[in-house]
Amino acid sequence: MTLNALRAASGILLVALLFAAGNYLGDWGFFGGAGKAVMSGVAFLLLLFLAIFQPGIEREMHARREAQLEVERELERTRDKSNDQVESEKLRRAIGMSPNTSPERTREE
């Protein structure tokens, strides 16, 4: 199952649990005298679902987050102007430094 499908299934089970708990605690009577049993059954299904699928959900969420961070890092690298001589000279002039006339190279190109 995809991450979105697992999220949707756990959300549906959570809503069902909330409805069953509201039915039992609020004495709504939707399930007759079996309100407590229905609430317990839905809670058991939710716990079973989470026990089975939670590790996969966490792995998938972690993998998605890492992929997103890698894309952001790559975008930041493409925006990096530290090796651009024109940008370096503009920055030096903007902060009042003299032009770099040193014959030494301080970084590899």
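Data table
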| item | result |
| --- | --- |
| Percentage relative contact order, the chain, counting C-alpha pairs under 8 Å, at least six apart | 20 |
| Accessible surface, per residue, of the chain when the full set of protein chains is kept, probe 1.4 Å, Å² | 80 |
| Alpha-carbon spread of the chain, three principal axes, descending order, Å | 89, 27, 16 |
| For region 19-76, the fraction of alpha-carbon pairs in successive 10 Å shells from zero, as % | 22, 24, 19, 17, 13, 5, 0 |
| Kyte-Doolittle at least -1.0, axis length at least 27 Å by Cα - qualifying DSSP helices, the chain | 3-26, 35-79 |
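The values are calculated or read from the model by the stated rules, or taken from the named source; none is laboratory data. Since this is a predicted model, take the numbers as computed values, not measurements. Keep in mind that these areas ignore ligands, DNA and RNA; they rest on the heavy atoms of the full protein, side chains included. Shrake-Rupley method; radii C 1.70, N 1.55, O 1.52, S 1.80 Å.
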